[in-house]
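The values are calculated or read from the model by the stated rules, or taken from the named source; none is laboratory data. What you are looking at is a predicted structure, and each value in this text was computed from that prediction instead of being measured. Neighbour counts run over all protein chains shown; Cβ positions are idealised from the backbone, glycine included. Protein only, heavy atoms only, side chains kept; ligands, DNA and RNA dropped before computing areas. Shrake-Rupley method; radii C 1.70, N 1.55, O 1.52, S 1.80 Å.
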Amino acid sequence: MTDGQGRTISFSESIIIATSNIGAVYIQEQIKAKMPLRLIKQELIDNKLNQYLRPELINRFDGIIVFKPLSEEDTLAIAALMLKKIKKNLTEKGIGLKADKDGVAILAREGFDPKYGARPLRRLLQDKVENDIANRILARQLKRRDTVVINNRAEIEVEKAPEL
C-alpha cells in the first residue's frame, strides 16, 4: 500500500478486520427460525453480500464470521462486567458498590435492544447509575466509606458508613 507521501507500506504481517451490519436483519430472522449458523453464513456469502459489495472485494477476504445476536444471558453478563468496572472506579474513591441480582437483571433487560445489542446498556448505566452516583457525591449525600446499593428494583440507595 502507498501512503499520502508516496511511501510504500508493507502489510505482509498485518491482519485487517472489517465489520459490517450487512445482513443483520436476515441473520436475526434466521436465528429466530433456528437456522444453523453455517447455512446463514453460506446464504450471506452466496446471495446477500454481493448486493452491497463488489465481488472483487468479497474475494479478498480470507474469512467471514457471522456473529449471532446477543441473548438475554449475554446481556446480563455484560451488565455485570460493566458494573464491575463501575465498582472498581468507586473502590478507588473509597466507596463500595453492591448490586442485587434482580436489579442487575432489570438493568440488563432495559439496556438490551435486539437491533443494537448491548450498546444501549452502556448509556443506560451511565444515566441510571453513574450519573446518580455523581450527583449524590456532588450533593455530599455519598461519601468515602459509604456503599452504593443497586436494589432489586434497580434503584440506587446509599448505605451510610458508621461514624468513626
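Could you list all residues from region 101-133 that are of a type outside the set (A, V, I, L, M) and open to solvent by less than 60 Å² (accessible area, probe 1.4 Å)? Before the answer, list the steps.
Going through region 101-133, the residues of a type outside the set (A, V, I, L, M) turn out to be 101-103, 109-117, 119-120, 122-123, 126-128, 130-132.
Listed by number, the residues that qualify are G103, G111, F112, D113, G117, P120, E130, D132.
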Residue hits (region 111-124; within 11 Å of the chain's Cα centre (by Cα) and closer than 13 Å to I86 by Cβ) are L121, R122
One residue from L76, L81, L90, L49 being part of a helix (DSSP H, G or I), hydrophobic (A, V, I, L, M, F, W, C) and open to solvent by 80 Å² or more (accessible area, probe 1.4 Å): L81
Among the residues of region 25-46, count how many are in a loop (DSSP other than H, G, I, E, B) and either open to solvent by 60 Å² or more (accessible area, probe 1.4 Å) or in contact with a Pro (Cβ under 9 Å, 6 or more places away or on another chain) (or both). 3
Among the listed residues I16, I22, identify the single one that is without any contact (Cβ under 8 Å) to a residue 40 or more places away in the chain, surrounded by fewer than 11 Cβ atoms within 10 Å (Cβ to Cβ) and farther than 19 Å from A154 by Cα. I16
Checking E159 against (1) in contact with a Ser or Thr (Cβ under 9 Å, 6 or more places away or on another chain); (2) open to solvent by 50 Å² or more (accessible area, probe 1.4 Å); (3) under 16 Å from D74 (Cα atoms): exactly one of these is not met. Which one? (3)
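Looking only at region 120-145, count how many residues are closer than 17 Å to D100 by Cβ and in contact with a strand residue (DSSP E or B) (Cβ under 7 Å, 6 or more places away or on another chain). Break it down into steps so the answer makes sense when it comes.
First, pick out the residues of region 120-145 that are closer than 17 Å to D100 by Cβ: 124-125, 128-129, 132-133.
From what is left, the residues that are in contact with a strand residue (DSSP E or B) (Cβ under 7 Å, 6 or more places away or on another chain) are 129, 132-133.
Here the count works out to 3.
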